Amino acid sequence: MSINEILEELPRLTKEEKRQLWNILDHELGEEAAEENPEVLAAIEKGIRSLEAGEPTHTLEEARERVRQIVAKARRQ
């Protein structure tokens, strides 16, 4: 899954799902998370803006299903 595909799905996550994602990324990156990565910050800002703009959101299960579909499609190519 590419960063662009992740960014496309980010606006669809609920506020709580975004918080969970942030915690997962923070845990996975460890000390690296302390270094401000412009791409990560831009993705987070984009997600926050879309949430504030009232764009549609999806449940975590809907997002997981979408990720499964994208991964399956990528594997077939």
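The values are calculated or read from the model by the stated rules, or taken from the named source; none is laboratory data. Note that the structure is predicted; figures quoted are calculated from it, not measured. Note that we place each Cβ from the backbone using ideal geometry, even for glycine, and neighbour counts take in every protein chain shown.
The table below gives the values:
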{"quantity": "Close pairs (8 angstrom Cβ cut-off, 6 or more residues apart or separate chains): touching a residue at least 60 places away in the same chain (Cβ under 8 Å) in segment 56-77, in a helix (DSSP H, G or I) anywhere", "calculated": "VAL67/GLU9; ILE70/GLU5"}
{"quantity": "Tally, over segment 40-77, of residues that are basic (Lys, Arg) and surrounded by fewer than 11 Cβ atoms within 10 Å (Cβ to Cβ)", "calculated": "4"}
{"quantity": "Evaluation of ASP26 against (1) more than 11 Å from the chain's Cα centre (by Cα); (2) exposed (fewer than 11 other Cβ atoms within 10 Å of the Cβ); (3) modelled with pLDDT under 85; (4) assigned to a helix (DSSP H, G or I) (one fails), failing number", "calculated": "(2)"}
{"quantity": "Check on GLU5, in a helix (DSSP H, G or I) and either touching a His at 6+ places or on another chain (Cβ under 6 Å) or exposed (fewer than 11 other Cβ atoms within 10 Å of the Cβ) (or both)", "calculated": "no"}
{"quantity": "Contacts under 6 angstrom Cβ, first residue in segment 15-29 being under 17 Å from THR59 (Cβ atoms), partner at pLDDT 85 or above and loosely packed, with under 14 Cβ neighbours inside 10 Å, 6 or more apart", "calculated": "GLU17/LEU60"}
{"quantity": "Tally of residues being more than 10 Å from PRO11 (Cβ to Cβ) and in a helix (DSSP H, G or I) across segment 44-73", "calculated": "17"}
